[in-house]
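A short reminder: the numbers here are calculations on the coordinates, not readings from a lab. Since the model is a prediction, treat every value here as computed from it, not as a measurement. Using ideal geometry, Cβ is built from the backbone for each residue, glycine included, and neighbour counts are taken over all protein chains shown.
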Amino acid sequence: MKVYITDLEAYNNGVLVGRWMTLPMDRDLLAESVEDILREGKQACNHSHHHEEYFITDFECEYMTIEEYSPINKYNHIAEAMEDIDEDGVKAIKFLVENNLVKDIFEAIESYEDSVRIYEDSTMEDIAEDFIEECYNLDDIPTIISNNIDYESIAHDMEIEGSYFKVDNDIYEYIG
């Protein structure tokens, strides 16, 4: 996660003072970096008083939207929590957040492993076929029946159920 922190008072005075920061960052270093930006803003505006407010004017984050007036420590905490999560985990968290299936990103981070299954480069028919094979031993069913299973219809019914979502070329199952 990268954020561009801007001195709000300098910005309101027509001066752009800020810098990109990559999160997570040591908390003390983060506080010091924000103070440096505010000090630079104060100098650029020739003010005698201390600048106190900043905002996030830009960001690069693949799993959530960053709000411009939220505290930077909140995003630093999120970035710390996301640091060791693999690519599939990030995709699952993004899915939960974007579809409002959790109250916030912290709940998504806590629950993604148990609540989302991703079927990469799959169709609903593939999932229906896997489902039938997992639930039933097709060798025990007469061939006339197993050869005539309508996977397309089963896939359609599974999709209508509301637990499956198409995202790009993948299917996400929300287990809840």
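Sketch the reach of a paramagnetic label on Thr123 as a point 7 Å from Cα along Cα-to-Cβ, and name the residues of the range 149-176 whose backbone nitrogen lies under 20 Å away.
It comes to 149-173, nothing else.
Express in nm, to one decimal, how much length is gained between Arg27 and Lys74 on full extension, taking 0.36 nm for each residue of separation and deducting their alpha carbon distance.
Stretched fully, the Arg27-Lys74 segment lengthens by 15.8 nm.
Gaussian network model of the chain, Cα springs within a sub-10 Å range: biggest mean-square fluctuation belongs to which of Glu98, Glu68, Glu134?
Maximum fluctuation in the GNM of the chain, among the listed residues, is at Glu134.
Please state, as a whole number in µm²/s, the translational diffusion coefficient that the Stokes-Einstein equation yields for the chain at 25 °C and 0.890 mPa s, with Rh defined as the Kirkwood radius across alpha carbon pairs. Mind showing how you got there, number by number?
Working: Rh = 19.6 Å.
In µm²/s, the coefficient is 125.
Net charge around Leu29, counting only other residues with Cβ within less than 12 Å of its Cβ (Lys, Arg = +1; Asp, Glu = -1)?
On the way: positive: Arg27; negative: Asp26, Asp28, Glu32, Glu35, Asp36.
Spelling it out: positives minus negatives among the neighbours equals -4.
By count of other Cβ within 10 Å, fewest leading, how are Cys45, Cys135 ordered?
Working: Cys45 19, Cys135 8.
Ranking Cys45, Cys135 by Cβ neighbours within 10 Å, fewest first, gives Cys135, Cys45.
Roughly how many debye, to the nearest 20, is the charge dipole of the range 100-176 about its Cα centre, given +1 on each Lys and Arg Cβ, -1 on each Asp and Glu Cβ, and no other charges?
So the magnitude is around 240 debye.
To the nearest 500 deg cm²/dmol, what mean residue ellipticity at 222 nm is calculated for the chain from DSSP H runs of n ≥ 4 alone, each contributing -39,500 (n - 2.57), summed and divided by the residues?
Mean residue ellipticity at 222 nm (helix-derived): -14000 deg cm²/dmol.
Could you go through the range 85-93 in sequence order and give the Karplus-derived ³J(HN,Hα) for each residue, using 6.51 cos²θ - 1.76 cosθ + 1.60 with θ = phi - 60°, rounded to whole Hz, and x for Gly and Pro?
8, 6, 4, 5, x, 4, 4, 5, 5
Residues of the range 4-18 with backbone nitrogen within less than 12 Å of a virtual label 7 Å along the Cα-to-Cβ line of Ala44, please, listed as ranges.
In the range 4-18, the label zone of Ala44 (backbone N under 12 Å from the point 7 Å along Cα→Cβ) covers 5-18.
Could you work out which residue, out of Asp140, Asp58, Asp28, moves most in a Gaussian network model of the chain, that is, has the largest mean-square fluctuation with Cα springs under 10 Å?
In the Gaussian network model the winner is Asp140.
Given R₀ = 45 Å, FRET efficiency for Ser146-Glu87 by Cβ-Cβ distance, to 0.05?
So the FRET efficiency works out to roughly 0.80.
Out of Ala81, Val116, Phe59, whose Cα points farthest toward the positive end of the dipole of the chain (charges: +1 Lys, Arg; -1 Asp, Glu; placed on Cβ)?
So the residue we want is Phe59.
Give me Met82, Met64 sorted ascending by neighbouring Cβ count inside 10 Å, so fewest comes first. Before the final figure, lay out each step's value.
Details: Met82 21, Met64 18.
The order, fewest Cβ neighbours first, is Met64, Met82.
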